[in-house]
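For reference, the structure discussed in these notes is given below.
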Amino acid sequence: MSPIPKPGILEISPYVGGRAAAPGAAKVFKLSANESPIGPSPKAMEALSAAAHDLQLYPDGSARLLREAIAEVHGLDPDRIVVGGEGSGPLLTLLANAYLQPGDEAIFSRHAFLVYEIITRANSAVPVIVPERDTNTGIRVDVEAMLAAVTPRTRMVYLANPNNPTGSYLNRDEMARLHAGLPENVLLVIDAAYSEYVTAKDYESGMEMAGRFPNVVMTRTFSKLYGLAGLRLGWVYAPPAICDVLNRIRGPFNTSTVQQETGAAAVRDREHFWKAVEHNNKWLPWITAEIRKTGLRVDDSAANFVLIHFPPGAEGAKGMGDGKSVAAADAYLMQRGVILRGVASYGLPDCLRMTVGTEEQNRLAVSLLQQFMAA
Ligand SMILES: Cc1ncc(COP(=O)(O)O)c(C=O)c1O
């Protein structure tokens, strides 16, 4: 008999990332993976080149240099930070590996990041998927429904704030309500991959909560605002007891010297940070407003992408989209080299997600959508 994986693993649909190629198009404009349009900090690039030495040596397994840089910038205790060398995704996996047993339940919302389901099933635990609310600003996580889904088997709640792919966020009060309604033995995982983009005054990234409560952690990534998706680097801020657990089960050298030195320079370069924020602040509202002018629904977003809704229903069926379906839009854009993200796997079959790109990319994508809708 051949080896059998743990129960649940074969029920996992492998993660498929945003497309990167548009066959036949002369030039490709990739707006499908929420990557930074302005790229990494020049100081991070310098650090990257300078770090390419002594590769025969193992890195500092505790990644002190990087943890101290993150701690200094955010005013945190470096001992409450654990970094991960394959982005923030694997840190979410470590948390699931540490805290989920077979039959346990993990709660997340209907349009949550796909990785939550994968890591839940990988631990033979049960995903509990909670509907979201469709409001006049967009699709939002429903705190009351999340709390109503808690049972004695619940061990984890995953929440991306802001959420991908909806772009909506829960404010400080909503987060407090969610946390207050959870039993103390349930771990609230706040995935703050897009937090650096949020400008709303009532937003709390999870840093305060993870600093205060023994059952809250916050994950962050260098893949989005820091423009280092290819470097694969993330971190988690957690109570000491949880850091202790993660440090026991993580790879002993789970970040390279190159990652540590590049990441430290990136997080310290506040000038580049603000440049990236300002770029987003300029183009996110522009994209939202311009696409809305075509008549398409675009939800409010607090992140670096927007969710665009196309008329539901069969392609070309009378009164059901009139040929303006998501598939037709996607094909129209792809032929012209513009790649957005189909989000059917997130339970949003009539939507495309568009990342805020460079000025050229934004203007092109918007004008193509205008042409498509006018045709
Ligand atoms: C909500 C959310 N969390 C986490 C990640 C993972 O990012 P990374 O593993 O590159 O740090 C992503 C990436 O798309 C995301 O959208």
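General observations
- The set of residues in segment 174-186 that are open to solvent by 10 Å² or more (accessible area, probe 1.4 Å) and among the hydrophobic types (A, V, I, L, M, F, W, C) comprises 176, 180, 182.
- Flag for residue 57 being out of contact with any Lys or Arg (no Cβ under 9 Å at 6 or more places or on another chain), of a type in the set (A, V, I, L, M, F, W, C) and open to solvent by 40 Å² or more (accessible area, probe 1.4 Å): yes
- As for segment 44-56, it holds no residue that is within 14 Å of the ligand (Cβ to nearest atom) and more than 15 Å from residue 361 (Cα to Cα).
- Of all residues making up segment 266-312, the number that are part of a helix (DSSP H, G or I) and either of a type in the set (S, T, N, Q) or in contact with a Cys (Cβ under 7 Å, 6 or more places away or on another chain) (or both): 3
- Some residue of segment 142-159 being within 12 Å of the ligand (Cβ to nearest atom) and within 30 Å of residue 292 (Cα to Cα): yes
- Verdict on residue 353 being basic (Lys, Arg), closer than 30 Å to residue 201 by Cβ and in a helix (DSSP H, G or I): no
- Considered as a group, the residues in segment 204-226 that are in a loop (DSSP other than H, G, I, E, B) and open to solvent by 30 Å² or more (accessible area, probe 1.4 Å) include one that is nearest to the ligand (Cβ to nearest atom), and that residue is 224.
The values are calculated or read from the model by the stated rules, or taken from the named source; none is laboratory data. Values in this document were obtained by computation on a predicted structure and should not be read as measured data. Note: ideal-geometry Cβ built from the backbone for every residue, glycine included; neighbour counts use all protein chains shown. Ligands, DNA and RNA are excluded from the accessible area calculation, which covers all protein heavy atoms including side chains. Shrake-Rupley method; radii C 1.70, N 1.55, O 1.52, S 1.80 Å.
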